[in-house]
Amino acid sequence: MPKQFRSKCEVSLTMKQNLSSVNMPIRNKNILIVISFMLLCLNLYSQTIFKGVVIDNGRDFLGNGADAVENAFVALTDQSDTNRTFSAYTDEQGGFLIEIMSTGLDDDISEIASDFNLYQNYPNPFNPSTVIGYSISKPSKVSLKIYNILGQKVKTLIEGNHLNGSGSIIWDATDDFGHSVSAGVYIYSLQSKGHSINKKMLLIDGQQQGTIINHSITDEIDNRELNKQTPILYTLQIIGENIETFNQRDLDISTIRYHVSKVMRTVKDIDGNVYKTVKIGDQWWMAENLKVTHYQNGDSIPNILDGSNWGTLSTGAFCNYDDDISNTLIYGSLYNWYAIGDQRKISPAGWHVPTDEEWKQMEMALGMNQSTVENDGWRGTNEGSKMAGEEWIWPDGSLDSNFSFGNSGFKALPGGYRTSQSGYYSNMGYIGYFWTSSESINNKAWYRSLYYYNSDIFRNKYIKRHGFSVRCVKDY
């Protein structure tokens with residue numbers, strides 16, 4: 001706080017302590033009200049602290065709890081002036097603290113310029129008008145603007161080329177639209193050639209008579225009645241590694257003591273495809289089907305179009321249903337098991353294709369019991385409905401009509417499959433097939449499937465040359 005204002009605040013406190021019990025004339029008590037009013041308004045001209053925490057979506061659906069999101073970039077942008085952005089990074093506990101200046105202007109002179117000067121307005125405090133004086137040593141382009149304590153421009157008094165010399169201008173406490181502004185602290189700023197001089201002034205309520213406010217005496221001034229302004233609305237944005245960008249508009253931080261933001265965890269494959277993820281029990285799963293075309297080391301996964309060639313392979317390959325790449329936008333790609341078993345790995349870094357046991361762990365988190373989960377064929381009750389998602393894709397049947405449909409967030413889709421015999425495609429929109437990384441016998445591997453007419457989950461083993469969808473689970 002500038003020295004001249006600090007001394008006035010100290011006087012105000014002393015007067016309030018020494019004179020509160022004295023039978024003072026009305027005139028003197030009104031002077032005290034003016035000084036106290038200045039103190040309270042100046043207290044408003046300070047930094048605002050916006051605190052909060054960023055957590056992930058681990059508590060959504062059937063996850064066992066959310067975790068803190070570390071090292072995320074949190075930014076608040078003033079929607080009325082996008083040049084005013086304040087930011088911080090989250091700590092190990094996901095917490096952040098952002099200091100927001102109530103105005104984009106400094107308290108005093110941001111940089112002293114020898115070729116122009118700005119004088120204290122008079123009278124001050126004032127109502128309904130005040131005179132602002134200035135001097136310019138050489139012709140130049142200048143601006144003189146009024147701002148409220150939130151940094152919002154209220155009125156432009158001067159804008160353009162100006163001759164050298166001294167001048168003054170009256171501000172009548174109105175904005176650019178001619179509307180009267182409310183009482184409170186205002187900042188007037190003279191700017192020229194990249195330099196600025198800023199000073200404060202106080203607009204008071206009531207009719208001014210010298211330094212007297214002509215209204216009834218009160219011992220307390222409700223801070224909420226001071227300087228009523230339209231609240232600044234901010235856009236909150238959170239960006240970080242392996243999280244979906246979070247945006248929240250129209251945030252009034254003056255009403256928030258502590259803000260909790262929840263973001264979606266994501267994972268990116270080597271091709272740059274980004275997948276949403278979901279926590280089920282203790283496991284993090286991809287909530288979308290894989291569509292990568294390269295192994296982790298950058299080698300291409302062969303895209304086999306010819307059906308007769310597909311059925312003879314004993315090495316990794318992928319395809320898109322009906323050889324139409326547009327189908328990957330919803331359903332992802334189909335892979336033979338040899339791509340899953342390849343040591344170069346088709347999963348994103350830090351993730352892997354789940355084993356049969358990891359699928360069982362997820363199924364038990366969905367509600368399947370230990371004895372049932374070990375069975376082959378149809379198992380469970382409504383765990384398939386829980387695992388499925390996007391009801392608009394599935395045909396009407398027992399799967400999507402179950403009340404638990406979609407409540408795991410896994411969003412299994414009916415991506416169909418490619419047969420190992422002649423390489424033809426079948427069942428897209430009706431059945432979803434998913435490889436595990438666990439081999440069985442006789443050139444087969446374990447898989448899971450969901451059918452639109454059944455709410456259970458099917459478990460069995462199939463020939464490795466078939467093309468199935470793939471989901472990945474995070475390493476632990």
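For the range 313-330, the set of residues classified as in contact (Cβ under 8 Å) with a residue 12 or more places away in the chain and either among the β-branched types (Val, Ile, Thr) or not assigned by TED's automatic domain parsing to the domain that holds Ser300 (or both) consists of Thr315, Thr328, Ile330, listed by residue number. How many residues are free of Cβ contacts under 8 Å to residues at least 60 places away in the same chain and outside any strand (DSSP E or B) when one looks only at the range 258-277? Total satisfying the criteria: 3.
If the condition is being crowded, with 20+ Cβ neighbours inside 10 Å and not in a loop (DSSP other than H, G, I, E, B), then the range 304-326 contributes Trp310, Phe318, Cys319, Tyr321. Among the residues here, Ile55 does not qualify as in contact with a Phe, Trp or Tyr (Cβ under 6 Å, 6 or more places away or on another chain) and either of a type in the set (A, V, I, L, M, F, W, C) or at pLDDT below 90 (or both). From the list Ser408, Ser440, Ser449, Ser455, the lone residue that is in contact (Cβ under 8 Å) with a residue 40 or more places away in the chain and touching a strand residue (DSSP E or B) at 6+ places or on another chain (Cβ under 8 Å) is Ser408.
The values are calculated or read from the model by the stated rules, or taken from the named source; none is laboratory data. The structure displayed is predicted, hence computed values, not measured ones. When we count neighbours, we look across all protein chains shown, and the Cβ atoms used for this are built from the backbone with ideal geometry, even at glycine.
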